[in-house]
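Before any comments, here is the structure.
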Amino acid sequence: MRASLRTTLGVLAGLALAGCASTSDPLQQPLGLDGTWVIVTANEQAPPALMHDITYFDTGEHVQMFVTHDTITISGTTYRQRAVTYAESNGVRIGTQLVGDHGLVAQVGPDVHFESDFYQNRTFDGTLAGGDLTVVQDLAAQGTTARYLLRRVSR
């Protein structure tokens, strides 16, 4: 584990423990994120949801990328993400991809930070509110972020 992230996680865990020691609500406990979270919406659309849309002006090609499934499993300070995406070019499906990632997760209050151990320099953030986890990330890896609403299905 990178030294800077170890330090950050230690500080965040200490702050979370200090701030949440008096509550019995498991969602408010430090790293109360444990469990499997599944996609409900992406950019407020039910799957298959559009997450990237571009027209290349030099060729006129219109490319759209969609997410059909997304799952984030969190255990302690680690996460594992699996998503299924597909792309269309001018309305014709041109490919399906399984996107996998894993790394470290830290929570302070409602704020959640993810740092990939798989992809170099990839991080994304989220917020826990009302039992839902909202993350903003570039799942398409095309330079555009989307807002994903996930709901826990198991602990």
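The values are calculated or read from the model by the stated rules, or taken from the named source; none is laboratory data. The structure presented is a predicted model; accordingly, all values stated were derived computationally and were not measured. A quick note on method: Cβ atoms are made from the backbone with ideal geometry, for glycine too, and the neighbour counts reach across all protein chains shown.
Okay, here's what the table says:
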{"read-out": "Search result, residues across the stretch 113-152 that are among the hydrophobic types (A, V, I, L, M, F, W, C) and either over 27 Å from TYR86 (Cβ atoms) or modelled with pLDDT under 95 (or both)", "value": "PHE118, LEU128, ALA129, LEU139, ALA140, ALA141, ALA146"}
{"read-out": "THR77 vs. criteria of a type in the set (S, T, N, Q), more than 17 Å from THR134 (Cα to Cα) and surrounded by 15 or more Cβ atoms within 10 Å (Cβ to Cβ)", "value": "yes"}
{"read-out": "Residue count for the stretch 120-143, restricted to those that are in a loop (DSSP other than H, G, I, E, B), touching a residue at least 12 places away in the same chain (Cβ under 8 Å) and surrounded by fewer than 14 Cβ atoms within 10 Å (Cβ to Cβ)", "value": "1"}
{"read-out": "Some residue of the stretch 94-102 being surrounded by 11 or more Cβ atoms within 10 Å (Cβ to Cβ) and over 21 Å from PRO48 (Cβ atoms)", "value": "yes"}
{"read-out": "For ALA18: the one exception among (1) surrounded by fewer than 16 Cβ atoms within 10 Å (Cβ to Cβ); (2) over 18 Å from VAL153 (Cα atoms); (3) modelled with pLDDT of 95 or more", "value": "(3)"}
{"read-out": "Criterion violated by GLY76 - all others in (1) at positive phi; (2) at pLDDT 95 or above; (3) small (Gly, Ala, Ser) satisfied", "value": "(2)"}
{"read-out": "Test result for ALA83, within 20 Å of THR41 (Cα to Cα), among the hydrophobic types (A, V, I, L, M, F, W, C), crowded, with 17+ Cβ neighbours inside 10 Å and at pLDDT 95 or above", "value": "yes"}
{"read-out": "Cβ pairs under 7 Å, 6+ apart, first in the stretch 30-50 and farther than 18 Å from THR96 by Cβ and touching a residue at least 12 places away in the same chain (Cβ under 8 Å), second in a strand (DSSP E or B) and among the hydroxyl-bearing types (Ser, Thr, Tyr)", "value": "ASP34/SER75; GLY35/SER154; THR36/THR71; THR36/THR73; THR36/SER154; TRP37/THR71; VAL38/THR71"}
